[in-house]
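This report concerns only the one structure given below.
Read-outs: derived from the displayed coordinates by stated rules, not from any lab. Quantities reported herein were computed from a predicted structural model and do not represent experimental measurements. All Cβ positions, glycine included, derive from the backbone under ideal geometry; neighbour counts span all protein chains shown.
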Amino acid sequence: KQEVTQIPAALSVPEGENLVLNCSFTDSAIYNLQWFRQDPGKGLTSLLLIQSSQREQTSGRLNASLDKSSGRSTLYIAASQPGDSATYLCAVRGNTPLVFGKGTRLSVIA
Amino acid sequence: EAGVAQSPRYKIIEKRQSVAFWCNPISGHATLYWYQQILGQGPKLLIQFQNNGVVDDSQLPKDRFSAERLKGVDSTLKIQPAKLEDSAVYLCASSLDPQTLYEQYFGPGTRLTVT
């Protein structure tokens, strides 16, 4: 059974810092991994999708990497801003429905 | 392009009452999903449709939950009767076919409180 773990559960950083969010999964037989952002009381916004054949994806200040063999992904956020404050969720898609981690709650302090 | 639409946004009901949620996916998306997100948890898939057929409903509590997708477009999720533990956000998502390769796009969710 696929299990997804995100560390840390919560993170508070000053504005301008670069930061890394971690995601690990137990079954490496995945099709893709997706990072989402969720603002309080809102739905999920897709940030990056990495196919199993890819190593990384970039969008603006965000970079996500995937090491399928070790069951890990990282989301790197450069030059963090208060507007980045949200919960970040990773989810993996394999022979099971999309399985989510519990998320990392990020606070960027101005 | 318009996103995934859901209604209502909020609903408060008493236990043992019934409730229904509605979802309109992105135009052209064949695959539709309903998720349940309990506070502090990641979303959990309840049911997945491919057009108007059910692909996966293994985690749907079928004694009280039901869902349908008429004409392969809009979908409704119903709970009858509701229990306190059903309090959660119900998220609808859609994706292009084949669903294993394409991103899922989520609606804003319906926050259900059962008292």
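Legend: distances between Cα atoms for A:Lys42/B:Lys44; A:Lys1/B:Lys62; A:Lys102/B:Lys78; A:Lys1/A:Lys42; pairs beyond 20 Å are A:Lys1/B:Lys62; A:Lys102/B:Lys78; A:Lys1/A:Lys42. For chain B, the Stokes-Einstein estimate of translational diffusion at 25 °C and a viscosity of 0.890 mPa s comes to 175 µm²/s, using the Kirkwood hydrodynamic radius over alpha-carbon pairs. Convex hull volume per residue, computed on the Cα atoms of the stretch B:50-115, equals 100 Å³.
Using the Cβ-Cβ distance between A:Asn95 and B:Gln59 with R0 = 25 Å, the FRET efficiency computed as 1/(1 + (r/R0)^6) comes to roughly 0.95. Put a plus charge on the Cβ of each Lys and Arg, a minus charge on the Cβ of each Asp and Glu, and nothing anywhere else: the dipole of chain A about its Cα centre is then about 260 debye. Of the residues A:Tyr76, A:Tyr31, A:Tyr88, the one that moves most in a GNM of chain A with alpha-carbon contacts below 10 Å is A:Tyr31. Taking the dipole about the Cα centre of chain B, with the C-beta of Lys and Arg at +1 and of Asp and Glu at -1, give me whichever of B:Gln36, B:Pro81, B:Pro108 is farthest to the positive side. Ranked along the dipole, the leading option is B:Pro81.
Start at zero, step by 10 Å, and the Cα-Cα distances of the protein assembly as shown spread as 8, 33, 35, 19, 4, 0 percent across the bins.
Note on chain B: with a GNM built from Cα contacts shorter than 10 Å, the maximum mean-square fluctuation among B:Gln104, B:Gln37, B:Gln17 falls on B:Gln17.
Of all the options B:Phe21, B:Phe49, B:Phe65, the one that moves most in a Gaussian network model of chain B with Cα springs shorter than 10 angstrom is B:Phe65.
Using a Debye calculation, one point per C-alpha and no hydration shell, please list log10 I(q)/I(0) for the stretch A:57-110 at q = 0.16, 0.20, 0.21 Å⁻¹ in order. For the requested q values the scattering log ratios are -0.59, -0.85, -0.92. Counting every alpha-carbon pair across chain A, the share separated by more than 24 Å comes to 18%.
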